[in-house]
Amino acid sequence: MPIADHKKCTGCRICEIICSIQHHKEMNPKLAMVRINSNWPWEDKVIICRQCKKPKCVEACEYEAIERVDGCLRIDEDKCTACLECVKACPFEGVVVSEITGKPIFCDTCNEEYLCVKWCPHQVLSKT
Amino acid sequence: MSNKKYFGYAGKILTVDLSSSDYVVKDTPFDLIVNFMGGKGFGAKILYDELKPGCDPLSEENIMVVATGPLTGTLMPASGHITLSTKSPLTGIWLDSHCAGFLGPELKMAGYDAIIIKGKAKKPTVLVIKDDGVSFEDGRDIWGKFTFESQELLRKKYGENCQFMCIGPAGERKARFANIVSGGRGFGRGGSGAVMGSKNLKAVVVKGTRGIGIYDLDGFMRICTEAYNELTVSPDTGGGRPKYGTNSIYSFMIEAGAHPIKNFQTGVFKAVKECNEDVLDKKYYKRHIACFSCPINCSKASRVDDGKYKGKFTEGPEYENMWSLGAQCGNSNIGSIIYGEHLCDEYGLDAISTGNVIGFTMECFEKGILSEKQIGFPTNFGNDDAIIKFIKMMAKGEGVGELMSQGVRQMSKELGKGTEKFAMHVKGMEIPAYDPRGAFGMGLAYATSDRGACHLRAWTLGDEILDVRDRMDPFATEFKAELVKNQQDFFAVIQSAVVCLFLNFGLTQRHITRCLQSLTGIKEWKTTEDILKIGERIYNLTRLFSMREGISAKDDTLPQRLLREPTKEGPTKGVVVDLDTMLKEYYLIRHWDREGRPAKEKLIELGLDKYKV
Ligand code: SF4
Ligand code: SF4
Ligand code: SF4
């Protein structure tokens, strides 16, 4: 599961770009399942789900919109009401909220290929 | 969804008229793409066709073209840049200015290859560009505010992850070298911030969610992978630059006598022991910052931990500003440079011109041309308090600051008394951080740069100073014309593609060409020669633009100090620049006549024959 060492992150967004290519065959950071939040100039923070064994986000979701498919959490967009209770519940600030749908998106590990981990130039991301 | 018509492009150009609060969206014409690529090329073509010759750069007739290129916002490394072209209020000629960071990708995600901004708003305005539309909003509440504060307020209002173009108080009052800030970066040189101010445009907010399509996905991934690997193994982009930022060359330039000291009076900087890239790295750099898709992360967050400037910070300081607010003013107090750079960004002033003008003013003071009474305080070289005061005075137009903010050319014109000999500018643009007496190529580069003295149209220092294996003689004229011409054409490509110029230190022209091909699939771009032809076309068109504004061969020159006044000490002792020899050869290679006009045959070859010389 991907975890991030924020201190080393430079904010380059290569992880976002490669994620969108992998899943959508186009370059669009806004579709990425990983997100960089900038607190200029002191910090760039990586938001990514680490796929907890006992996920607090699932517990928090009243609508049972977060389900596990092939070992990875996934959002059921029909059930999700964008209440974002999961965002509050996640102890790791790991929920990426799509700017397009307003609903959460979870990292699917690229079928355990972890392209963001591979492409990050500074080894910020690693899998556990 | 990404645009499928032209891969790599957003496919639309937005034209905004601030006078009527109207806008139109049109398809990006294919012949514009094929012949001018994007960025600077789009700017050159659009401005040459649409700008009224002789117009006042600060009138509503002036036009700003803010343009991305095909590579902007892609996986190609260092693709976060964007270009702004306009007529410069500092020089009165062609200006293209480039901004790093994240604005370029965001504009493309909002669905536009370029925005053309015309007219003048009746009151302070914020232009908001999002996926779903364009709006003209009241900017009165942030008018007068600093750039960083303004951006914070705009972020609160328009949401996280917006990108901005924003001017500060200096741009609002049309200081001739006001800049435009975007995040912690900016469009630095030539006064584009004053043009925005003259249009009553306080800020542009951009936010988008569209993607960029790829023609040959496998090919593009292959070349990008290769490019990242190349950048990692290059000693520059994989070594010095990530660690020290643009200051990786600082000590080398000092050693070569190519770092101008005290307004180019000498090439010897005695304070280098306390002021160099190692001190910066150990004491001030707190973290690395990268632009969009950049593994090089040349940018740093710096903070002063003790002393007079404790707590001051900046994203930087860049090599150029380490010089302009440092050695150029005989100043080695890094804290003051960090604070000074931050102030320049906050007020919205180009820090290179700012420092150049301060150094000039200090020399005028020491020579008795400007008195303490006229200035208000003593201002010898090395006085860091004076530097900080001058920045604020220029931004606000207070006292002598008003004259200073018109640039060194205008200032020396008003002062007279032989000051033009050491007013360090070309065509009105202040000279940046390299002394051509330590590297002749930079003399030719400054003299022939299309926007006036600039180090980013050709940068010969790599070949003349840094290249240890295959170094050119920095004091020879031989081969410099060819080097400068080739770089100008290739840099025009990079600035139209639009990616970061620093790719040049790790990648080849072939990399860029292959990347363009696999991304766009444009059949006309077969070889590197085809690509370089576009660069040459653009460089000739910007020349024609400036000639139309009155530039001729006599302006392709350098200040007297560099041509007639040898330095008295150090590695450049006794040297002056032999510009004439290089310039003659340069015109010959360019197929420009003795008056510096592109020859008819050249224009026909480049498809520019309908443009008059
Ligand atoms: S979103 Fe947070 S709580 Fe839910 S699985 Fe991911 S890391 Fe765990
Ligand atoms: S690729 Fe790595 S360094 Fe770049 S933004 Fe992502 S986590 Fe940070
Ligand atoms: S090299 Fe520096 S300026 Fe260029 S893209 Fe990278 S971080 Fe930005």
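Miscellaneous remarks
- All positions within the range B:1-59 that are in contact with a Lys or Arg (Cβ under 7 Å, 6 or more places away or on another chain) and small (Gly, Ala, Ser): B:Ser2, B:Ala10, B:Gly11, B:Ser19
- Within the range B:314-335, being open to solvent by 10 Å² or more (accessible area, probe 1.4 Å) and either within 21 Å of B:Ser248 (Cβ to Cβ) or part of a helix (DSSP H, G or I) (or both) holds for B:Glu315, B:Glu318, B:Glu320, B:Asn321, B:Ser332.
- Among the residues of the range A:84-128, those identified as away from ligand 2 (no atom under 15 Å from the Cβ) and on the phi > 0 side of the Ramachandran plot are A:Leu84, A:Gly102, A:Thr109, A:Asn111, A:Glu112.
- Being closer than 30 Å to B:Thr314 by Cβ, under 15 Å from the mean Cα position of the chain (by Cα) and away from ligand 3 (no atom under 16 Å from the Cβ) is a property that does not hold for A:Glu112.
- Matching helices (runs of 4 or more DSSP H) fully within the range A:1-107 where at least 3 residues are of a type outside the set (Gly, Ala, Ser), open to solvent by 10 Å² or more (accessible area, probe 1.4 Å) and within 11 Å of another protein chain (Cβ to nearest Cβ): A:14-24
- Output for the range B:368-420, where each listed residue is in contact with a Lys or Arg (Cβ under 6 Å, 6 or more places away or on another chain) and farther than 19 Å from B:Asn179 by Cβ: B:Ile369, B:Phe381
- Selection status of B:Ile93, closer than 25 Å to B:Asp31 by Cβ and more than 14 Å from chain A (Cβ to nearest Cβ): no
- For the residues B:Thr72, B:Thr68, B:Thr15, B:Thr91, the requirement of being over 25 Å from A:Trp40 (Cβ atoms), buried (at least 24 other Cβ atoms within 10 Å of the Cβ) and away from ligand 1 (no atom under 16 Å from the Cβ) singles out B:Thr91.
- Scoring B:Met253 on the criteria (1) open to solvent by less than 20 Å² (accessible area, probe 1.4 Å); (2) away from chain A (no Cβ under 14 Å); (3) under 26 Å from B:Thr513 (Cα atoms) leaves a single failure, condition (3).
- From B:Gly193, B:Gly184, residue being under 30 Å from A:Ile47 (Cα atoms), under 25 Å from the mean Cα position of the chain (by Cα) and of a type in the set (Gly, Ala, Ser): B:Gly184
- Test for B:Leu483: is it within 21 Å of the chain's Cα centre (by Cα) and in a helix (DSSP H, G or I): yes
- Residues within the range A:16-55 that are more than 16 Å from ligand 1 (Cβ to nearest atom) and among the hydrophobic types (A, V, I, L, M, F, W, C), tallied: 8
- The range B:294-311, residues that are in a loop (DSSP other than H, G, I, E, B), more than 8 Å from ligand 3 (Cβ to nearest atom) and open to solvent by less than 40 Å² (accessible area, probe 1.4 Å): B:Val304, B:Tyr309
- Once the range A:7-26 is narrowed to residues that are within 16 Å of ligand 3 (Cβ to nearest atom) and within 19 Å of A:Thr101 (Cα to Cα), the residue that is farthest from the chain's Cα centre (by Cα) is A:Ile17.
- Spans of strands (runs of 3 or more DSSP E) in the range B:142-219 with at least 2 residues open to solvent by less than 20 Å² (accessible area, probe 1.4 Å): B:163-166, B:180-182, B:201-207
- Matching entry among B:Ile338, B:Ile358 (being within 14 Å of chain A (Cβ to nearest Cβ), among the hydrophobic types (A, V, I, L, M, F, W, C), surrounded by 24 or more Cβ atoms within 10 Å (Cβ to Cβ) and in contact (Cβ under 8 Å) with a residue 40 or more places away in the chain): B:Ile338
The values are calculated or read from the model by the stated rules, or taken from the named source; none is laboratory data. Please read these numbers as outputs of a predicted model, since none were measured by experiment. Methodologically, a virtual Cβ is constructed for each residue, glycine included, from the backbone with ideal geometry; neighbour enumeration extends over all protein chains shown. Note: accessible area is taken over every heavy atom of the protein model, side chains too, but ligands, DNA and RNA are not part of it. Shrake-Rupley method; radii C 1.70, N 1.55, O 1.52, S 1.80 Å.
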